[in-house]
């Protein structure tokens, strides 16, 4: 090959680098070092984005009260390699990652209540007095909007979670603080999507009139290389384990598309949930909570001359009766853990409701049972004979006041070790052990309520996790959402609903 000019050489390198292993180069930069030498720097995959101001490549950026926003009174701007977003009091505006073109002009969440059953009539819950809190994260930011509603003060929270290299995520919590029992649902409203071609599990079509679609995913744009919006809704339904089985919706009630002056619009309807006083619905794309739901699944063991085991007491213990006698430790089992093998555990916490008052904090340690599917507890020998995880986390509460809930430090390393086991699969059970860390040298005990004290007071496990990419739907085996030139305006929403 003959000598190429710097400009031609740069273009040729760019062309040769594209599409490595199905990924587009998000950033390819060539430096001339002199003496006919060049340095090529290539960013494979969706990590780098042009900074909103400097236009240099970065992984993440945000600013409060930006003076450059496309509309007045923007509260927060944030961007990563999947999207850029302007957040306002009552809505958000979504852009491509480089903040050059609009993807969705108006995204907002509306809580509705069932006003009349026959015919079915839903009415919006009134919201006002927005307060915005910006919470820096280690690798991103959470922007939380809190509203007063017809159902009480500070009863609606909407969070936008933007992390380096991750899709835009949302979290919605609504609490009914009145004595009225009503049925509620949440509608994700997307108005002004700047294209009206939609691909879903049953095909693709142009939105020219009102259209009802039920699908675990939506791809909106001319083609996979020019997407305006991607929505993943797999967790609003069930995918059976059989290879040829079809995903079926559960909490996804409907997706209603229609035409819009700026392209199309869509209402994603999630429900329905009956809430009494102080009950909440929680749409959280990342977090699930499990609670002990049978008496034999939480227990304690008292070590002494003769081990004493109980799995039917109203409290659990951790600590020592004296410096030489009775070391207490507890075991807690959680069932139907719907975390798939291969998931990444972002955070995890054991949540306990305190019983009694402690004058001196107990140094405790949390481990897990190193097994694929932990069984319920039976006796002292069973408790002591179970293998423990290598990972462990120390916990020394600063206070312990009766009736208050307390969260352990992050125990994600413990949960991750269990989830990573070869025999683990979604729906299995896991066990945590809560023991005194110092041995027989602290004369104090920490007490917590067990299942026998009341199902609502039983220990809880809260885990935030990221699942692997969902499988391609059976009818579209050639659709690969992460292959080919990567869309520059890609977002996702992983709703998960629980009470």
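For this structure, a couple of remarks:
- Packing-based order for 69-79, 127-137, 383-393, using average beta carbon neighbours within 10 Å, highest first: 69-79, 383-393, 127-137
- Subtracting the Cα-Cα distance of residue 121 and residue 370 from their residue separation scaled by 0.36 nm leaves 84.5 nm.
- Computed label-point distance, nm, for sites residue 310 and residue 132 using a 7 Å Cα→Cβ extension: 5.4
- Most to least packed among 49-55, 82-88 [average Cβ atoms within 10 Å]: 82-88, 49-55
- Gap separating the Cα centres of region 74-112 and region 128-155, nearest whole Å: 16
- With R₀ fixed at 51 Å, the C-beta to C-beta distance from residue 402 to residue 258 puts the FRET efficiency at about 0.40.
- Across region 293-458, Cα pairs under 8 Å and at least six residues apart give a relative contact order of 39 percent.
- Sites residue 410 and residue 70 - FRET efficiency at Förster radius 45 Å, r taken between beta-carbons, to 0.05: 0.75
- Under the simplified labelling scheme, the residue 437-residue 181 pair shows an inter-label distance of 4.5 nm, with each label point 7 Å from Cα along Cα→Cβ.
- Potential lengthening between residue 384 and residue 422 on full extension [0.36 nm per residue; Cα-Cα distance subtracted]: 11.3 nm
- Counting 0.36 nm for each residue step from residue 274 to residue 248 and taking away their Cα separation leaves a gain of 7.2 nm.
- Using the Cβ-Cβ distance between residue 205 and residue 110 with R0 set to 25 Å, the FRET efficiency from 1/(1 + (r/R0)^6) comes to roughly 0.45.
No value in this document is a laboratory result; all are computed from the given coordinates. Keep in mind the model is a prediction, meaning the values are calculated, not measured. For neighbour counting, all protein chains shown are included, and Cβ atoms are generated from backbone atoms with ideal geometry for every residue, glycine included.
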